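Data first, discussion second: the structure below is written as structure tokens.
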Amino acid sequence: MEKRRLGTTNLYASPIGLGCRTIHKIGSKKAIEIIREAIKTGINLIDTANIYGGGKSEEIVGEAIHDIREKVILATKGGIVKDASGLPTQDLSPKSVRKAVEESLKRLKTDYIDLYQIHYPDPTTPPKETVNTLMEYVDSGIIRHVGLSNISYEELKEWASLINIPSVQIPYNFLQHKTYDKILQFCQSRKISIIAYTPLLMGLLTEKVKRRFPRNDERSIIPPRIIKECERIVGQLKPIAEKCGKTVPQLILNWLINRPGIGCILVGMSKIEHVKENVEAMEWRMPSEIRREIDDIAKGIKTSLDNEFFIQTIKKVFSNYAGRKVVILEMGMKIIVPSTVEAGDRIKISWNGEYLGKY
Ligand SMILES: NC(=O)c1ccc[n+]([C@@H]2O[C@H](COP(=O)([O-])OP(=O)(O)OC[C@H]3O[C@@H](n4cnc5c(N)ncnc54)[C@H](OP(=O)(O)O)[C@@H]3O)[C@@H](O)[C@H]2O)c1
């Protein structure tokens with residue numbers, strides 16, 4: 001498989017990476033088989049995070065790669081912790097970052113991490129403090145590079161002025177990408193690779209899209225009109241895929257990996273067949289007329305997750321280190337809001353965590 005340079009580093013990643021956010025759910029034995037098969041077939045970027053499965057994902061990845069460590073670009077993330085009531089929140093203070101890195105190293109059974117990514121920015125810690133802490137690890141060779149994820153354009157500019165960033169993770173699929181134009185442009189101008197996540201919208205952009213999901217399935221929070229839209233898109237893609245002798249996921253993944261600015265896509269795979277099918281998708285040269293047909297389908301999508309929002313009640317309000325107003329949401333996460341927002345207000349939050357207004 002071709003390899004693509006991550007930023008300006010000496011890391012060359014396969015255009016498709018194995019996303020391990022949910023890999024613990026299929027059991028360690030099967031998960032390890034999938035990870036090893038992925039590496040055997042040419043995938044070299046493995047992405048996980050300290051919070052995936054409460055650390056289980058990192059443990060499985062560590063077990064799967066400990067004897068083939070040099071073949072892997074190991075990417076993990078940190079910066080999310082549980083607050084006093086057990087809810088996830090951001091903490092990028094030096095103490096918390098050190099704890100997260102040390103724990104990840106142990107679970108991953110390694111003495112170095114190729115790409116340590118900030119999972120979500122923390123509006124209560126000055127980025128410089130986090131960068132200084134991470135640089136201690138970079139200087140000692142424990143972290144090779146620091147990447148970002150779920151960052152706003154303003155925050156990205158600040159981070160990029162402090163440290164050489166090779167990559168930024170953003171969600172990118174047919175129904176989620178419209179709000180990232182500025183980030184994409186900035187990354188292209190600075191040679192920062194975009195690592196696109198949830199390319200198949202958690203499996204919804206495949207032929208097995210279901211109308212309803214049980215409550216314990218994370219996809220049950222996706223609004224029904226989005227699921228209906230996925231069904232419609234898959235219906236449009238299916239005849240094109242058949243014409244090309246490909247599957248719908250293959251068509252989508254190949255199309256995405258050739259979008260401007262995209263360096264790598266992270267795909268979750270729960271079956272060995274997914275690995276084979278998705279790797280095969282990278283080795284196909286899509287004819288330009290097929291690309292245009294898919295471009296037209298993408299342009300025709302009106303319902304988008306980018307237009308959806310969550311309603312959240314504000315639990316706590318305070319000023320951050322730069323005098324900006326920060327709130328803690330009932331879901332635990334912290335975000336920056338305008339000065340008119342007060343504790344107890346109900347507000348709208350975009351799917352990528354931005355304040356959209358009072359509700
Ligand atoms: N930075 C962040 O905050 C963030 C957030 C989310 C995700 N990510 C990263 O992105 C990765 C991918 O995201 P994701 O796993 O949530 O979503 P995804 O890659 O869009 O979807 C994964 C699901 O698609 C289905 N699938 C994959 N290949 C298939 C194929 N060839 N045919 C049919 N179905 C196929 C599988 O569903 P079934 O298992 O149901 O068969 C799989 O679990 C994560 O693992 C993680 O590394 C990062």
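A search for C-beta distances below 8 Å between a residue of the range 318-344 that is in contact (Cβ under 8 Å) with a residue 12 or more places away in the chain and closer than 22 Å to VAL81 by Cα and any residue that is small (Gly, Ala, Ser) and loosely packed, with under 13 Cβ neighbours inside 10 Å, counting only pairs 6+ apart in sequence or on different chains, returns LYS325/SER319; LYS325/SER339; VAL326/SER319; VAL327/ALA343; GLY332/SER85. For the condition touching a residue at least 24 places away in the same chain (Cβ under 8 Å), assigned to a strand (DSSP E or B), out of contact with any Phe, Trp or Tyr (no Cβ under 6 Å at 6 or more places or on another chain) and within 17 Å of ILE118 (Cβ to Cβ), ALA49 does not qualify. Scanning the range 267-285 for residues that are small (Gly, Ala, Ser) and near the ligand (Cβ under 6 Å from one of its atoms) yields GLY268, SER270.
Pairs linking a residue in the range 26-41 that is more than 11 Å from VAL275 (Cα to Cα) to a residue that is modelled with pLDDT of 95 or more and within 15 Å of the ligand (Cβ to nearest atom), with Cβ atoms under 6 Å and 6 or more positions apart or on different chains, are ILE26/SER270; SER28/ILE60; ALA31/ILE23; ALA31/ILE60; ILE32/ALA64.
Restricting attention to the range 131-159, the residues being without any contact (Cβ under 8 Å) to a residue 12 or more places away in the chain and part of a loop (DSSP other than H, G, I, E, B) number 1. The residues listed here are TYR112, TYR153, TYR120; of these, the one that is over 30 Å from GLU229 (Cβ atoms) and either within 16 Å of the ligand (Cβ to nearest atom) or among the aromatic types (Phe, Trp, Tyr) (or both) is TYR112. Go through the range 192-221 and give me each residue that's more than 7 Å from the ligand (Cβ to nearest atom), loosely packed, with under 13 Cβ neighbours inside 10 Å and part of a loop (DSSP other than H, G, I, E, B). If the condition is that a residue be more than 7 Å from the ligand (Cβ to nearest atom), loosely packed, with under 13 Cβ neighbours inside 10 Å and part of a loop (DSSP other than H, G, I, E, B), then ARG211, ARG212, PRO214, ARG215, ASN216, ASP217 are the ones that fit.
The values are calculated or read from the model by the stated rules, or taken from the named source; none is laboratory data. Since we're looking at a predicted model, the values are computed, not measured. Glycine gets a Cβ as well: all are built from the backbone with ideal geometry, and neighbour counts include every protein chain shown.
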